[in-house]
Amino acid sequence: MSESSLIIQSLREFLRREVESVSAKIDKEDFYPREIVKKLGELGFLIPLYSNLSHYDMVKTLEEIAKVSGSLALIADAQGELAGEMIRLYGNDLQRKSFLEPMSKGEIIASLALSEPSGGSDIGSMKTYAEKKGSWIVSGRKMWITQGIYADIFITVARTGNSRKDLSVFIIPRGKCIETSKIEVMGNRGTGTAEVIFHECEVPEDYVIGEVNNGWEMINSVLEVGRLAISGIAIGLAERALEEAFQWANSREAFGNKLYNFQGIRWYFADSIAKINSLKALAKEVSRKFDENSNDKGVYVSMLKLLSAEIAQEIVDTSLQILGGLGYAKGSSVERIYRDVRVMRIGEGSDEIQRHIISKYSEKYGIPILD
């Protein structure tokens, strides 16, 4: 067994032992599992890239977590591949030691404060701004911030110039200048999704990540990693739903026969199995491009994100159809997954944004085809 396989097996055992029994509680009670987040960190699974795992190991990690809890997977993504990745890629040694190290252990909870009421996709229209008055003074309003209710620090993007691309990134610890309010969401409950308002927060120069006015490039790089991560979550959700439906179809009897023996049902599974394996193959190839830092990794991760989100939603819907009333009932895993999977087509770049990226790249460089 390879080292990667041993790591994933260890994670599966942890999830079965520690998370499976509370996954329903996370959803039903909108419960934020902070102790579990900390344990994930202690085991090295919270920020896999910082733990020197490969990009595909990161995808597999989130896939396995999502099979047990979509909410926990989204929390890990927000902590690691969004907030954490910004510091990992662009932070200085002191920022990595002071923030990324404790974040990786689950000792500090972090949010990426990017989206705003005026829009999530149109980053250039950002209204949150920072002014240099000795220290930086940051004011503005953010929306749909995962972990926002519970975050100890906010990795905050703000305008620092007149151009659409004059953006900068700040580390803002929670304090009296920050106001948070909970947003009720359809799925992925327990993730602390919030509106966050910054009331003239004072930020020292040491808490600026990367170069001032270079935020545009930084955000796009981090979101590319986020798209790879959320694709793993989508695949994991689809896998779990399909497994539940498969078990049901092989135990449920109708009209004197096992449900699975009906050709129409078998073809549902055949189509879903073929699609999910195609996604996993593409995820592996795109992950390799990230490991190699290929120039075209961005367009290929947009393809993966677009397809994984749409196909996962389709597979989950098919699984619920096979389960019938049982899948529609509150308390079933597939009912929860049906609500969780919908955000995959919105978060970290909507379907429409991915199509825009792919078509724009094709117009400039020609149709991208894997070797």
Please turn the phi angles of segment 256-262 into ³J(HN,Hα) values with the Karplus equation 6.51 cos²θ - 1.76 cosθ + 1.60 (θ = phi - 60°), one per residue in order, whole Hz, x for glycine and proline.
x, 8, 5, 4, 5, 6, 7
With a ≥ b ≥ c taken as the square roots of the eigenvalues of the C-alpha gyration tensor of segment 216-365, please select rounded if a/c is under 1.5 and otherwise prolate if a/b is larger than b/c or oblate if it is not?
prolate
Taking Cα atoms only, helix 215-251 is inclined relative to the longest principal axis of the chain by an angle, in degrees rounded to 10, of 20
Anything over 32 Å Cα to Cα? Flag those among Lys105/Lys182; Lys38/Lys132; Lys38/Lys142; Lys60/Lys182, in the order listed.
Lys38/Lys132
By the Cα gyration tensor axes a ≥ b ≥ c (a/c under 1.5 gives rounded; else a/b larger than b/c gives prolate, otherwise oblate), the shape of segment 1-122 is oblate
In segment 232-317, GluC sites (Glu not before Pro) in a DSSP loop with at most 12 other beta-carbon atoms within 10 Å
Glu292
Can you work out ³J(HN,Hα) from phi for every residue in segment 29-39, in order, using Karplus 6.51 cos²θ - 1.76 cosθ + 1.60 and θ = phi - 60°, giving whole Hz and x for Gly and Pro?
9, 6, 8, 8, x, 4, 5, 5, 4, 5, 5
Using the Karplus curve 6.51 cos²θ - 1.76 cosθ + 1.60 with θ = phi - 60°, work out ³J(HN,Hα) for each residue of segment 316-327 in order, rounded to whole Hz, and write x for Gly and Pro.
5, 4, 5, 4, 5, 4, 5, 6, x, x, 5, x
Counting Lys +1, Arg +1, Asp -1, Glu -1, what net charge surrounds Gly192 among other residues with beta carbon under 10 Å of its beta carbon?
+2
Tally Lys and Arg at +1 and Asp and Glu at -1 over the other residues with C-beta under 15 Å from the C-beta of Leu228: what net charge comes out?
-2
At most 15 other Cβ atoms within 10 Å and a DSSP loop assignment: could you name the trypsin sites (Lys or Arg not before Pro) in segment 1-65 that fit?
none
Quickly estimate the mean residue ellipticity at 222 nm for the chain, helices only: each DSSP H run with n ≥ 4 gives -39500 (n - 2.57), and the total goes over all residues, rounded to 500.
-15500 deg cm²/dmol
Using a cut-off of 15 Å between beta-carbons, work out the net charge of the residues near Glu18 (Lys and Arg +1, Asp and Glu -1, Glu18 not included).
+3
Given that compact globular proteins tend to follow 2.2 N^0.38 Å, what is the ratio of the alpha-carbon Rg of segment 146-304 to that value?
1.49
Counting only residues 5 or more apart in sequence or on a different chain, those whose built amide H sits under 5 Å from that of Trp136 are Val203, Glu205
Averaging sequence separations of C-alpha pairs under 8 Å and six or more residues apart, then dividing by the length of segment 3-104, give the relative contact order as a whole percent.
29
Ordered by packing density, taken as the mean number of other Cβ atoms within 10 Å over each peptide's residues, highest first, how do 330-336, 227-233, 120-126 rank?
227-233, 330-336, 120-126
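Read the figures in this text as sums done on the coordinates, not as results from a lab. Since the model is a prediction, treat every value here as computed from it, not as a measurement. Counting neighbours? That spans all protein chains shown, and the Cβs are built from the backbone with ideal geometry, glycine included.
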